[in-house]
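The values are calculated or read from the model by the stated rules, or taken from the named source; none is laboratory data. Because the structure is a prediction, the values reported are computed rather than measured. When we count neighbours, we look across all protein chains shown, and the Cβ atoms used for this are built from the backbone with ideal geometry, even at glycine.
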Amino acid sequence: MAPYALEDRLSWRWWVTPKPLKDKPIHRWFVFPHSFTSELVHALIDEWGLTPKDRILDPFVGAGTTLLAAKEKGVPATGYDLLPLAVLTSRVKITDYQIPRLVDLWHSLQKNLDLTQWSLPSKSYPPLVEQALPGDFLKVFDGIAQTITSTPMFDHERDFFSLALVSIIPQYSKAVATGGWLKWIHTKKDAKSIPNSFANKVNMMLEDLNNSSSGNGPFWHVRVADARKLPEKDANFTAVITSPPYPNRHDYTRIFGVELMFGFLDWVETRQVRYQSFHSHPEARPLRGNIAGYAQPERLSQILNGLKKKGMIPRILSMLAGYFLDMYLSLREVRRVCQKGAQIAFIVGNAQYLGEPIQVDELTAEIGEQAGLLCEKIIAVRFRGNSAQQMGKYGRLPSRESIVIFKKN
Ligand SMILES: C[S@@+](CC[C@H](N)C(=O)[O-])C[C@H]1O[C@@H](n2cnc3c(N)ncnc32)[C@H](O)[C@@H]1O
């Protein structure tokens, strides 16, 4: 493996965690477990000297941090994601609203939020939703959703209220995301308080809109698409700031299963997204199209052989092999849609399995070069400790989180 320039920038360590977003206007409306922060995007925009003439791409848009942070700086940006929840979240955050109209709509919606009106959910939901929101809980969530649907308003306004509703589901769900998994819990919440929580969320969102002053205009977009095959013409972007899923087995269609099947997809569609997602979890089995040009890095083959000898299960071995193939396909696509001279930042996290470190950043650098990009450097921003269980078995082995910087030459 070629030696790539490695720079330490641990002062950025908080910027690759979602925590700071939870206090930031608009960003806080919905945060993904692996979101990075707006400071990171702002810093890269400043470092690269991007202006309103540039155009940033985020092919793994998640909660839309890159798009909203780019909007805050007045730099046009486009995002894609496989998850409709990610696309709704990002779209609602970057839309320009007429605030007085939203406030009027909110008043008329509130008049119709009458718990006594709702008897049974308007449709049947997948079992996960019915178990996570049993009885009155689903009845009230469904009742509010129906009220939003039946109140006349524009689509972008309906999206605003729908996101407010979906975002409070974790407060009531009996299935909560802890790390990468859903855990079943007992909640002492009362379904009668759901309209109140919804009102608090809408009021908080309206307050954020009143206090924010980002750029506006038709320069920020987001759509559902696969990062390995973007609906974009060649040479359209001057920069990329993105973070593909980490190879940590977390499956967003499970973490957000209740939200997805409450508001967007049925069970079969959810499973299709699960299969088609980046091979960062063992249940993915994506259809990939043309994979020409990829050669599995020698270092990766050694790691996989070592893991096989240690008894690693085949599903994880094929996940890891597929993960780096997907990394190649998305980097190849990034190269195609970027102009010459484009600056590209891939935020990645190293991993370890059975005590064997996997240098995702260095492998990504090598794979990016296979895809025709030039790796300028790897910026190490954070070291994460391994789990207590792994530490007990293999000792302390912190994993690096890094920004792999490429240029299209
Ligand atoms: C680490 S998260 C991105 C977080 C984002 N940077 C933020 O700040 O919120 C990775 C995202 O990649 C999406 N994803 C997974 N497979 C994908 C694919 N094949 N194409 C596009 N997006 C995909 C996931 O749905 C998830 O939203």
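For the reader, a short list of remarks on this structure follows.
- Any hit, the stretch 30-39, residues being more than 11 Å from the ligand (Cβ to nearest atom) and of a type in the set (A, V, I, L, M): no
- Residue that is farthest from Glu401 (Cα to Cα) [pool: residues in the stretch 1-48 that are basic (Lys, Arg) and in a loop (DSSP other than H, G, I, E, B)]: Lys24
- The residues in the stretch 3-29 that are crowded, with 16+ Cβ neighbours inside 10 Å, over 15 Å from Val348 (Cα atoms) and within 15 Å of the ligand (Cβ to nearest atom) can be counted, and the count is 7.
- Within the set Phe154, Phe161, Phe198, the sole residue that is of a type in the set (Phe, Trp, Tyr), within 23 Å of Gly64 (Cβ to Cβ) and under 22 Å from the mean Cα position of the chain (by Cα) turns out to be Phe161.
- Answer from Thr89, Thr66, Thr116 - the residue that is out of contact with any helix residue (DSSP H, G or I) (no Cβ under 7 Å at 6 or more places or on another chain) and either within 12 Å of the ligand (Cβ to nearest atom) or not in a strand (DSSP E or B) (or both): Thr116
- Boolean, Gly349 is of a type outside the set (A, V, I, L, M), modelled with pLDDT of 95 or more, closer than 19 Å to Tyr4 by Cβ and buried (at least 19 other Cβ atoms within 10 Å of the Cβ): yes
- Set His221, His250: member being outside any helix (DSSP H, G or I), within 16 Å of the ligand (Cβ to nearest atom), closer than 21 Å to Pro18 by Cβ and within 19 Å of the chain's Cα centre (by Cα): His250
- Cβ-Cβ contacts under 8 Å between residues 6 or more apart (or on different chains), taken from a first residue in the stretch 287-314 that is surrounded by 10 or more Cβ atoms within 10 Å (Cβ to Cβ) to a second residue that is among the basic types (Lys, Arg) and part of a loop (DSSP other than H, G, I, E, B), are listed as Arg288/Arg228; Gly289/Arg228.
- Unmet criterion (only one of (1) more than 21 Å from Ala225 (Cβ to Cβ); (2) outside any helix (DSSP H, G or I)) for Asn290: (1)
- Residue match in the stretch 325-341 (condition: under 20 Å from the mean Cα position of the chain (by Cα) and β-branched (Val, Ile, Thr)): yes
- Any hit, the stretch 44-55, residues being surrounded by 15 or more Cβ atoms within 10 Å (Cβ to Cβ), within 14 Å of the ligand (Cβ to nearest atom) and assigned by TED's automatic domain parsing to the domain that holds Arg274: yes
- For first residues located in the stretch 259-280 and touching a residue at least 12 places away in the same chain (Cβ under 8 Å), partners that are among the charged types (D, E, K, R) and within 11 Å of the ligand (Cβ to nearest atom) and lie 6+ apart or on another chain with Cβ distances below 7 Å form the pairs Arg274/Asp251; Gln276/Asp226; Phe278/Asp326; His279/Asp326.
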